[in-house]
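Where a number appears in this text, it was derived from the coordinates with a stated rule and is not lab data. Everything numeric here is computed off the predicted structure, so don't read it as measured data. All Cβ positions, glycine included, derive from the backbone under ideal geometry; neighbour counts span all protein chains shown.
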Amino acid sequence: MLHPATLLMKLTYMNKKIAYLGLFSAVAIIFGYIETLIPVFAGIPGIKLGLANLAVLFILERYSWKDAALVSLIRILVIGFLFGNLFSIAYSLAGASLSLLVMTLLRRRQGFSIMGISIAGGVSHNIGQLLVAMLIVENTSLMYYAPALLVSGVVTGFLIGILTSETIKRIP
């Protein structure tokens, strides 16, 4: 049996964690909504800032990949059903899954900063979406978009990395 003080500490930690997961799920949903209001950048489908990924990256840094996956899944489903469709959910799930896998693997290795992890996440997110798009439309000519999507993944990953780094500094 646990000592009452130890039990209280564990309960306090779990309550705090649940509160953060809820808060960052809400933040991700709000950022996702804001992005639906911003027109597509550069006239290329799929290019966007990815503000909602700030919440996922923060949770990945603070807690675990499972918690980050939960926040990401909640965000994708809520935004998809409110402002998108089943195709947008499929694209988002593919991009988010590959991105989270890559970021989790890099996070476990030494030598990768939050900035590097975020950039890799941005690039892999775009690759995941591009692969699903090619499967859905059954056309590999969509690879034509790859260079622009890779560049945008680096740029947006860098920006989200900066924002996440600053958020981590400010939230204990």
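What to note about this one:
- Arranged from fewest to most other beta-carbon atoms within 10 Å of their beta carbon, VAL56, VAL123 become VAL123, VAL56.
- Formal net charge of residues neighbouring SER97 (Cβ-Cβ distance under 14 Å; K, R +1; D, E -1): +2
- Candidate aspartates and glutamates - alpha carbon under 19 Å from LYS48, same-chain residues fewer than 8 apart omitted: GLU35
- Exposure proxy order (Cβ contacts within 10 Å, fewest to most) of SER118, SER141: SER141, SER118
- Residue order, fewest to most beta carbons within 10 Å, for HIS125, HIS3: HIS3, HIS125
- The chain: calculated mean residue ellipticity at 222 nm from DSSP helix runs of at least 4, using -39500 (n - 2.57): -27500 deg cm²/dmol
- DSSP H segments from the chain that extend 20 Å or more along their own axis, Cα-based, with Kyte-Doolittle mean of -0.5 or above: 4-37, 65-83, 86-108, 114-137, 146-170
- Over all projection directions, the Cα-based convex hull of region 47-172 averages an area of 7.6 nm².
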